[in-house]
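Heads up: the structure comes next, in structure tokens.
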Amino acid sequence: MRSIVSRRFSLKSTVLGLGLLAAAPTLWAQEQVLNLYSARHYQTDEALYANFTKATGIKINRVDTDDAGLLARLKSEGSASPADVILLVDAARLWQAENEGLFLPVKSELLEQRIPVNLRAKAGAQGTAWFGFSTRARVIVYNKINVNKADVQNYQDLADPKNKGKVCTRSGSHPYNLSLFGALYEHLGAAQTEQWLKGVVGNMAREPKGGDTDQIKAVASGECGIALTNTYYLARMMRSNKPDDRAVVEKVGVVFPNQQSWGTHVNIAGGAVARHAKNRDNAVKFLEYLSSPEAQVYFANGNNEWPTVPGVKPSNPALEAMGNFKMETIPVSTVGANIGKVQQLLDKAGYK
């Protein structure tokens, strides 16, 4: 009798087990995920991801590395890549990735309504390849004791002989500078941009080195009189509680260049759907979420960046202290397209 009962139990267990295995693919298919490749290394973005998951139930699996590493990984993985969304922090990098076929153009009325035309890729028949979700201005910082503010009102002033021996920058080939130079190329043309680059090299206080924060500190110390920086680096120091950072901020002034002409150059952080995305609907949902007022305010308050969506008003004391400014309006996709031409000019100018 026991053997019969035992056999019946075993049979029922087997049937139940087979039933669960048969149902498993359906259960797995119901799990909503998004595989995100991000070059944004900001802890403050964690809340963005958590809020998206809370609102949608979509779990985010994330790979964090630098922009070059992400692009290399995407190329290596090819069609087997699990990536659904790519976040990059520079217009030149976004343009490069688009032209290397790493993005999947999408059509989203919501994104097209919210993101200004000049802050996204040029739309094609298949849709738009990438969208900008936050901006940072490329400004001039100057030593308030050693430099007259009137001498640094425009980017062109960096090449003026009156500022000889005062200029510091990071590498000319860094994407932040390449994007600025790509914008100047659009405004000035090839010949004048080459002449400007040569003038900047001739005015340098030292060879290019370090990052934007290093340039700000060098200006404060007097090693340099003038430097270029993205605004969020300066804003970060303005909001810091560290005495050393506060001391640096007290010694430097900031200028939004070219307010009487074409406006200050702005760069973007942006996102795109990966070419071989397996969760495309979730990817578009995520990009649309990044354009929401909630996410836009968080970009500004969490990482000191300006929203790209018009009408969104953040409450960031550092950005408020910098004040309003006139922004250039040339398409950032055009800036990216000029990068190859600019790199050739850098070699001619001897800009390292």
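Could you check, for region 131-147, whether at least one of its residues is in a helix (DSSP H, G or I) and surrounded by fewer than 24 Cβ atoms within 10 Å (Cβ to Cβ)? No, the conditions are met nowhere in region 131-147.
Taken residue by residue, region 97-106 has at least one member that is free of Cβ contacts under 8 Å to residues at least 24 places away in the same chain and more than 16 Å from THR308 (Cα to Cα). Residues of region 39-82 that are polar (S, T, N, Q), more than 23 Å from ARG275 (Cβ to Cβ), touching a residue at least 60 places away in the same chain (Cβ under 8 Å) and exposed (fewer than 15 other Cβ atoms within 10 Å of the Cβ): THR44 alone. Does region 212-224 contain at least one residue that is assigned to a loop (DSSP other than H, G, I, E, B) and surrounded by fewer than 21 Cβ atoms within 10 Å (Cβ to Cβ)? Yes - at least one qualifying residue is present in region 212-224.
Taking each residue of region 338-352 that is of a type in the set (Ser, Thr, Tyr) and looking for partners that are part of a helix (DSSP H, G or I) and surrounded by 12 or more Cβ atoms within 10 Å (Cβ to Cβ) with beta-carbon atoms closer than 9 Å, six or more apart or interchain, yields TYR351/ASN177; TYR351/PHE181; TYR351/LEU197; TYR351/LYS198; TYR351/VAL200; TYR351/VAL201; TYR351/LEU345.
Scanning region 98-122 for residues that are crowded, with 20+ Cβ neighbours inside 10 Å and modelled with pLDDT under 95 yields nothing. Counting only helices (runs of 4 or more DSSP H) that sit completely within region 246-352, those holding 2 or more residues that are buried (at least 20 other Cβ atoms within 10 Å of the Cβ) correspond to 280-290, 293-303, 332-337, 339-349.
Determine whether region 165-176 contains at least one residue that is assigned to a helix (DSSP H, G or I) and either touching a residue at least 60 places away in the same chain (Cβ under 8 Å) or out of contact with any strand residue (DSSP E or B) (no Cβ under 7 Å at 6 or more places or on another chain) (or both). Yes, there is a match, as at least one residue in region 165-176 is assigned to a helix (DSSP H, G or I) and either touching a residue at least 60 places away in the same chain (Cβ under 8 Å) or out of contact with any strand residue (DSSP E or B) (no Cβ under 7 Å at 6 or more places or on another chain) (or both).
The values are calculated or read from the model by the stated rules, or taken from the named source; none is laboratory data. Just so you know, these numbers come straight off a predicted model, no measurement behind them. Neighbour counts run over all protein chains shown; Cβ positions are idealised from the backbone, glycine included.
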